[in-house]
Amino acid sequence: MNAIDIIIKKRDGNTLTKEEIEFFIDRFYKKEIKDYQMSAWLMASFIRGLSKEETQHLISAILATGKILEWDFQVIDKHSTGGVGDKLSLVVVPLLASLGFKVAKLSGRGLGHTGGTIDKLESIPGFRTNISLEKFKELVEKIGCSIISQTEDLVPVEKEIYSLRDVTGTVDSIPLITSSILSKKIAGGARTIIFDVKVGSGAFMKDIKDAEELTSWLIEIGKSFGRDVKAVISDMDQPLGFAVGNLLEVIEAIETLKCNGPRDLEELAIEIVGTVASKDLAREVLRNGSAFRKFNEMIEAQGGDISNLSPSAKIYNFSIQDSGYVERLDAYLIGESVRVLGAGRYRKEDTIDPNVGIVLKKKIGDYVEKGETILEVYYNSEDKLKDSIELIKEAISISKDEVKRRPLIYSVYS
Ligand code: URA
């Protein structure tokens, strides 16, 4: 068996065996198969697809490179398939914990135009996402929640594959997304997993049919690994909430936990928690401050300090010379415009600027006056601002006629 034959077999549209997939992942993990060969294999798999069975083998092979966490109690996890302005985990995790669930969350960094929970959390001064597994277990047991990134012990190879997909145009594939997410979730030891499957321009699944297909893969394959799987399909045609960009999103999540957040963010957080608990109770722990207290406990325990969160960036007010109703606020282009500002990566080794991003002042269906600010751009480089504005111009369209607001939630699987 060798790497080239496996790449060629997939390139030609054939089905790989369990042994071939195991070999490929194991040798990549041991650095005997190189990044460029993995990239070629990812592209072949992206174009030719992987069957559900191949995807199961891929998950098992990824899991074999690390540990699977064992817990003495039932653990729950929540994961989004990726969106723009999607800071839900920062709200949902403490919400679940304040309802008595034990939440052990393994998260990723930004992928393509989408943001990642780890990048967001790392914009909090001092916050550590790479704590030891012992510490992680201790925090989940004591506080009820913790969020960490993939570690050297837990699905280490997934982290490598993920960062290659990010820069090789191989993200939006149902089998690759399924294996990436489920391997992390299974390694984290969660018995119950709640998926927030995003659909729309800013999601990897652009239409509802594909989002339903991805949901069915996540549920079916998740169940085949003995997990209880819940899911919500939600809109990602415009960004979620108002803030897009790492620190800006953390600030908005905190406001939401203090009940001053955007309505859509709060509503979706409650719906997600509602797949495993009573929505009324979820609203109560938000209103009475328990969820915010949990968030604080988790941040403090992981070394973070939220006492003085303020983005260090200049602000540009974006407006247009038309009045009317906002018809389009394309989440993909807004995500790209924020990546251009420095909030995301183009190469694996890029460092990100936590301070930059966008704060929307209007959402789809809102009325905007000629010259009124539609959004604020937080920037630290004039050149990047220029490129970002070009994308923002493309992202927005205004209609003279009233525009119907889009549904936020399409389906719930509980
Ligand atoms: N989130 C992940 O963790 N992996 C993907 O491939 C997409 C979204």
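Throughout, read-outs are computed from the coordinates displayed, never taken from laboratory work. A quick note: this is a predicted structure, and the numbers were derived from the prediction, not measured. So basically every Cβ, Gly included, is an ideal-geometry build from the backbone, and we count neighbours across all protein chains shown.
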Inset, instruction - Would you mind telling me the antiparallel percentage of the DSSP bridges in the chain, rounded to 5? - result: 55
Legend entry - All Cα pairs of the chain, percent lying beyond 35 Å: 25
Inset, instruction - Would you work out the charge dipole size for segment 1-107 about its Cα centre, treating the Cβ of every Lys and Arg as +1 and the Cβ of every Asp and Glu as -1, and quote it to the nearest 20 debye? - result: 280
Legend entry - Degrees, to the nearest 10: 18-29 long Cα axis against longest axis of the chain: 70
Legend entry - Distance between modelled label sites at Ile315 and Glu213, nm, 7 Å Cα→Cβ extension: 4.3
Inset, instruction - On a 0 to 90° scale, report how tilted helix 290-301 is relative to the longest principal axis of the chain, with both axes built from alpha carbons and the result rounded to the nearest 10. - result: 60
Legend entry - For peptides 175-188, 39-52, sequence by mean Cβ density within 10 Å, most packed first: 175-188, 39-52
Legend entry - Loop-located trypsin sites (Lys or Arg not before Pro) in segment 229-268 whose Cβ has at most 16 other Cβ within 10 Å (DSSP): Lys258
Inset, instruction - At 0.36 nm per residue, minus the direct Cα-Cα distance, what do Glu19 and Asp228 gain on full extension? Give it in nm, one decimal, please. - result: 72.5 nm
Inset, instruction - Per DSSP H run of n ≥ 4, the term is -39500 (n - 2.57); total these for the chain, divide by its residue number, and report the mean residue ellipticity at 222 nm rounded to 500 deg cm²/dmol. - result: -13500 deg cm²/dmol
Legend entry - segment 77-140 and segment 199-251: distance between their alpha carbon centers, rounded to Å: 15
Inset, instruction - Measure nothing but the geometry: give the 0 to 90° angle between the long axis through the Cα atoms of 133-142 and the longest principal axis through the Cα atoms of the chain, rounded to 10°. - result: 60
Legend entry - Long pairs among Lys348/Lys393; Lys370/Lys400; Lys185/Lys294; Lys223/Lys294, criterion Cα-Cα beyond 19 Å: Lys348/Lys393; Lys185/Lys294; Lys223/Lys294
Inset, instruction - Counting only C-alpha contacts under 8 Å and six or more residues apart, can you give the relative contact order of the chain as a whole percent? - result: 19
Inset, instruction - State the Kirkwood hydrodynamic radius of segment 287-414 in Å, one decimal place, computed from all pairs of distinct Cα atoms. - result: 17.0
